[in-house]
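The structure appears right after this line, and notes come after that.
Values quoted throughout were computed directly from the atomic coordinates according to the rules given, and no laboratory measurement underlies them. The model shown is predicted, which means the values in this text are computed figures rather than measured ones. Every residue, glycine among them, receives a Cβ derived from its backbone with ideal geometry; neighbour counts consider all protein chains shown.
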Amino acid sequence: MKLYTVPLAPNPMRVTLYLAEREALGCAFDIERIIVNTLKGKHREEAHLARNPWGTLPVLELASGTFITESLSIIDYLEAAVPGPRLLPDDPEAMAVARNIERTVEVRITFDLAWYVHCQKSPLGLPPEPERAAELAQRIQPGFDWVNTLLADGRPFLSGQAPSTADCTLAAFLQFMRFTDTDLLGNRTELRRWDEAYRSRDTVRDLFMM
Ligand SMILES: N[C@@H](CCC(=O)N[C@@H](CS)C(=O)NCC(=O)O)C(=O)O
């Protein structure tokens, strides 16, 4: 398999974190990682558009030649195809709860947070849009409140006692937020506790660029 990726960008980063979490559990991935330099516009060139007409990253190329172009679909595939301990629980109810948390984080926080970053200080060079950034920052607040409440029982990870895909997703997008040198977490102590603890773990610490 080949994983087309780029450091810092949040959707590639959630896959990077996912792989690190499972490697720490003893899983071995036969994946060649190939950087597509978005700063140089390589993701808009023909070679990458042939892999993914949307021009986005990450992309996973399977041995069959199939390209998987959505980060969560890549994770789903790796959960199903690569043997060994998985991040999602086997129990259907526990799996649904874990996925629900992941999906809520994505829909309520990360979609807007990604655009917030681009409006504030875009790594892709998009023009600043301060008014839109302020509006997006407000829209994210209920999502952060929800996560803060979820963590109020003292759980170390978003889904409970072990890392899940939800942790990978939120941590990846909070790193992206840090690229802007702004902090939208406010005085949410539980969210800050999780954030500090998650990214300082040996498993993932060296993967974070900021
Ligand atoms: N829904 C896609 C989103 C992928 C995406 O937007 N990737 C960003 C990096 S985080 C990208 O490649 N942006 C470049 C562009 O849109 O030009 C996923 O989850 O993989």
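List of remarks:
- Contact annotation: residue pairs with Cβ atoms under 8 Å, 6 or more positions apart or on different chains, pairing a residue in the stretch 88-114 that is assigned to a loop (DSSP other than H, G, I, E, B) with a partner that is of a type in the set (Val, Ile, Thr) and within 16 Å of the ligand (Cβ to nearest atom), are Leu88/Thr165.
- Segments classed as helices (runs of 4 or more DSSP H), wholly inside the stretch 121-202, with at least 3 members that are more than 27 Å from Ser73 (Cα to Cα) and not β-branched (Val, Ile, Thr): 130-150, 189-199
- Test: residue in the stretch 41-48 that is within 22 Å of Cys168 (Cβ to Cβ) and surrounded by 12 or more Cβ atoms within 10 Å (Cβ to Cβ): yes
- Which listed residue, of Thr110, Thr104, is surrounded by 18 or more Cβ atoms within 10 Å (Cβ to Cβ), of a type outside the set (D, E, K, R) and within 27 Å of Pro123 (Cβ to Cβ): Thr110
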